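Scroll down for the structure; my scribbles are underneath it.
The values are calculated or read from the model by the stated rules, or taken from the named source; none is laboratory data. Just so it is clear, the structure is predicted and the values come from calculations on it, not from any experiment. Note: ideal-geometry Cβ built from the backbone for every residue, glycine included; neighbour counts use all protein chains shown.
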Amino acid sequence: DFPILAQTVHGKPLIYFDNAASTQKPRAVIEAQRHYYEHDNANIHRAVHTLSQRATHGYEQARETVRKFINARDAAECIFTRGTTDSINLIASCLGRSRLSTGDEVLLSELEHHSNIVPWQLAAQATGSKVIATPINNAGEILIDEFTKRLSLKTKAVSISWVSNALGSINPIAEMIRLTRRHAPNAVFVVDAAQWIAHGVTDVLLLDCDFLVFSGHKLYGPTGVGVLYGKRAVLDALPPYQGGGDMIETVSFEKTTYAALPNKFEAGTPNIAGVIGLAAAIDYVQSIGLADIAAYEHDLLQYATARINEVPTIRVIGTAASKAGVISFLLDGVAALDIGVKLDEAGIAVRTGHHCCMPLMKRLGVEGTVRASFAFYNTKQEVDALVEILKWIAKNHKPAAAAPPACAMASPQMINAISFAPRSAESPKAAADALAEDIALFDDAAGRSQFVIDLGDRLPKSFGQLKAISQRLPGCMSEVYVIGRAKPGSTNVLEFAADANADIVRGLIAIMQRLFSGQRADDVRAFDVEAFFRRIGLDQFITTQRRNGLGSLVAKLRQLATDIATKEV
Ligand code: C6P
């Protein structure tokens, strides 16, 4: 049913274990959207012509599909949004403008995704209310006693993920709602169901939550569409979120009145095709059955947990007693990013990094993890393939030579000990030509990334010193430190030293040193790094979206070169 899964990646059959980030789309969803655009496309709620009526019918039918799917009382309680993030922003912003004030508290947990933290911080800043995070234990479970202690009459909102995206912990959401009703009667309860919705049965009446939000794209549906369920009375009491077409009853310059639910919260032309696709996705998962999906994924998770623990030096991060199909892990001495690159070369898609949960990573004392997240189309054979590659990585990864540990104070000796790379060629262009010639010997991704890693092997190890004397470069998936200066005795030559805790990034740093260190600042500024990385077939590492160090490093080096050229260094 999933055409995308029948492909090879780097010559290997694709194994897609990044379902918590986004699931793949079945043919039924792709077809529903294509059919809509080929036959029914028009704006909704606005015209009497046939296409508009068909589009409106499809859109409102989809709302009814959502209602049944989550067992809401009334379809008008199901608002279409752009996704979970949009839904939470709507709730936090509207509560901020109507219910929150100085001294009020919003209770979250240490497990939350940034989308369930930052919108509340924005609302708190605007209202003088306070965001509080209830703690978890080391297994990644919310401590219910601690949660209860934090509930009070001051609590105006509680917003908790049903399933943690980073660890897979299933939170006892029904119990937490009951406790909230008892101890914080002024609070609304928001369920972030982003990671639950595709993996178990949802019944908002049974839960008795005030809000429940999710994204279409994690439910085998399209991106850019999601749902905000809210109890009618609670939604009615909120002010509108955005103003625009379709959310009004009457408009005049003197006074505007708003449409009833659900339109009050759906300003502007919505993602109609996305909504149609979402309904097709719901029909699709229901044809399989969420209870069966949950049972299958539970079995797969148990199998995968047992098998992955066979990998030497593995550390599973997140060992809650109740878990959805997510395994977060680290291998001793191997950067998560390097594991991600190696797995990709084997055709296995996982996510690496902080998973948009920086406070959680800090609480667990890790920079990030590798995360394999399952869907019902994954198999035990695919898990076996993952385990084999991980065993290979654990066995073959060369432990990094002991770098001096970071220490709090930088000494002059430390700075003197840093080796700034000398010039590797006449100009950045000459260095680029030499590198391009070397890398042209490798015609596949694995060969090219091994070449990069080998270059990194020869980079002087200065992670500890650089960490002690410089700030971490922001916007990177691994920890990167860089310092630069005008070459002593010159006024216009850039020199820099940098290091990272991922092998692949160390290799990219080595490439950047060959290109730029020891070169005239003006030549550095004029050189087109992006074009060079495209030329050598490594442009996946330079796009800023990848955030693996290089985009920020290039920006930093350009800044240093500019400072030198304008004599600020
Ligand atoms: N988590 C992940 O890889 P959006 O981006 O709006 O569809 O969903 C945001 C969101 C909110 N809450 C939870 C619990 C989530 O997991 C996510 C999205 C993805 O884990 C992408 S960062």
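At a glance:
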read-out: Members of region 211-246 that are charged (D, E, K, R) and surrounded by 23 or more Cβ atoms within 10 Å (Cβ to Cβ); value: K218
read-out: Any chance I327 is modelled with pLDDT of 95 or more, closer than 17 Å to A394 by Cβ and either crowded, with 21+ Cβ neighbours inside 10 Å or not basic (K, R) (or both); value: yes
read-out: The listed residue being touching an Asp or Glu at 6+ places or on another chain (Cβ under 8 Å) and modelled with pLDDT of 95 or more, out of Y284, Y303, Y296; value: Y284
read-out: Filter pass, F214 being under 29 Å from the mean Cα position of the chain (by Cα), among the hydrophobic types (A, V, I, L, M, F, W, C) and over 16 Å from V29 (Cβ atoms); value: no
read-out: Wholly within region 1-105, helices (runs of 4 or more DSSP H) carrying at least 2 residues that are touching a residue at least 60 places away in the same chain (Cβ under 8 Å), surrounded by 17 or more Cβ atoms within 10 Å (Cβ to Cβ) and over 30 Å from the mean Cα position of the chain (by Cα); value: 50-70
read-out: Qualifying positions in region 71-89 - within 9 Å of the ligand (Cβ to nearest atom) and among the charged types (D, E, K, R); value: R82, D86
read-out: Candidate set from region 247-259 (those that are buried (at least 17 other Cβ atoms within 10 Å of the Cβ) and not hydroxyl-bearing (S, T, Y)); member that is farthest from the chain's Cα centre (by Cα); value: A259
read-out: Sole residue being within 27 Å of the chain's Cα centre (by Cα), surrounded by 18 or more Cβ atoms within 10 Å (Cβ to Cβ), under 27 Å from A166 (Cβ atoms) and modelled with pLDDT of 95 or more, chosen from I339, I276; value: I339
read-out: Sole exception among (1) away from the ligand (no atom under 16 Å from the Cβ); (2) touching a residue at least 40 places away in the same chain (Cβ under 8 Å); (3) assigned to a loop (DSSP other than H, G, I, E, B); (4) not aromatic (F, W, Y) for G243, by number; value: (2)
